[in-house]
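Okay, structure first, notes after.
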Amino acid sequence: MGKPVDMWVIYVNDSDHPGKYVVRRWELVPPGIEPSNPMKKTADYTVCDTLVQAHKAIPDWASSLVPSLYDEPQAVEIWL
């Protein structure tokens, strides 16, 4: 079995932090470890005033993805 993979999502104007950007770390869990939910929300997050500041909370080696129609509307960027 593989290890979880970290993913960061940048949200804007969510209900907990209106008017702010929030960078939250998620874990993508490989099949067989937790089959009921492949995405696990972590307690790790950073609150920022700007998108530029939010980008500084993302590891340099991460690559960006465009959020899909199925992602939360507050999600502006996803990084793996």
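The values are calculated or read from the model by the stated rules, or taken from the named source; none is laboratory data. For clarity, every value in this text was computed on a predicted model and none was experimentally measured. Positions of Cβ are backbone-derived with ideal geometry, glycine not excepted, and every protein chain shown enters the neighbour counts.
Would you please name the residue that is modelled with the highest pLDDT, looking only at residues in segment 33-71 that are aliphatic (A, V, I, L, M) and over 14 Å from the mean Cα position of the chain (by Cα)? Checking each candidate, the answer is VAL52. Scanning segment 1-32 for residues that are modelled with pLDDT of 95 or more, of a type in the set (Lys, Arg) and over 14 Å from the mean Cα position of the chain (by Cα) gives a single hit, LYS20. All of (1) touching a strand residue (DSSP E or B) at 6+ places or on another chain (Cβ under 6 Å); (2) at positive phi hold for PRO4 with one exception: (2). Within segment 37-54, no residue satisfies the criterion of being without any contact (Cβ under 8 Å) to a residue 24 or more places away in the chain and within 10 Å of ILE10 (Cβ to Cβ).
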